[in-house]
Amino acid sequence: MRIVWLLLLGIVSYLVAMVVFFPAEPVVDRIRPQLGTVALENVSGKLYKGTIGTVRSTDDLLPLEFNDVGWTLSPKTLLSGGAGVSFDFNGYGGEGQGLVARRWNGDVNVTDFTFNALAKELEVLLPVPIARFNGELLGDIDQVLLVDNLLARFEGTISWNNALLEAPIPTSLGEVTIEITPDDEKSHTLALTAVGGDVAMDGSMTLTQSGDFSADVLFTPSQNTPAAVLAGLRQLGRADAEGRVRFVRQGNVNRLF
């Protein structure tokens, strides 16, 4: 029995040493063909902890790019039937951090994800340059779950502080909050509010996994709302006696661009 325990200890020690001392770069080179539209540049460090100089998407529809992406293996994810890492990154005038785990069945689970970014820096992600923004985005995401590469669960809050639409119509939106909650595995509800700007906003939008959406949002102008903004609101719908405009729309986001 003593020999068996010594053998097991030796195997465990070998595996730990492999994780601790084995360089990450050759492993990443081996899996590059499986990364699809994700490009990794300047990989350094060991398997258990390292950094990637640049992580970028080569997909023209969403050309995301992050810098100084670091990771550290998270042993506790083994208890949930997978393997994962805690991560942090810089990008778009801000930074972020969280925990990502890949389960043995292929599901990807992101938790405790927080980030901040400058709205101005995110303009490059627009399909066409139709607008300019200012202010700061903050995200506090409890969970993002991907099942079969499809979004099954997204729960958290995204805030836009000092929100400003600079073009096409300069509009102050104050403090914008989007609270996202799952209805089921194929549908989510987004609660939308904005206070303290030229136009207050209160409403919700339901979004399904296939891209179908249903929106019902009430826009209420302030007493000092510029005439150009009022004219823009009237393009969304008919104003009531108090100048409020209710925006009701259904469609599919995949057909908007």
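What the table below lists for this structure:
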{"item": "Debye log10 I(q)/I(0) for segment 107-255, one point scatterer per Cα, at q = 0.09, 0.11, 0.21 Å⁻¹", "result": "-0.32, -0.48, -1.49"}
{"item": "23 Å tail of the calculated P(r), the chain, as % of Cα pairs", "result": "63"}
{"item": "For segment 175-243: span of alpha carbons on each principal axis (Å, largest first)", "result": "43, 23, 18"}
{"item": "Modelled label reach - GLN143, point 7 Å along Cα→Cβ, segment 110-135 residues with backbone N closer than 15 Å", "result": "110-113"}
{"item": "Packing-based order for 187-195, 172-180, using average beta carbon neighbours within 10 Å, highest first", "result": "172-180, 187-195"}
{"item": "Spin-label model distance (nm) - SER57 vs ASP202, 7 Å beyond Cα toward Cβ", "result": "3.4"}
{"item": "Gyration tensor verdict on segment 133-175 (Cα atoms; rounded if a/c is under 1.5, prolate if a/b is larger than b/c, oblate otherwise)", "result": "prolate"}
{"item": "Helix-derived mean residue ellipticity, 222 nm - over the chain, DSSP H n ≥ 4, -39500 (n - 2.57), to 500", "result": "-4000 deg cm²/dmol"}
{"item": "Order by protection proxy (mean Cβ within 10 Å, highest first), peptides 137-146, 242-251", "result": "137-146, 242-251"}
{"item": "Overall Cα dimensions of segment 36-134 - principal axes, largest extent first, Å", "result": "46, 27, 26"}
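Just so you know, all these numbers are worked out from the coordinates, no wet-lab data involved. These numbers were taken from a predicted model, which means no experiment stands behind them. A quick note on method: Cβ atoms are made from the backbone with ideal geometry, for glycine too, and the neighbour counts reach across all protein chains shown.
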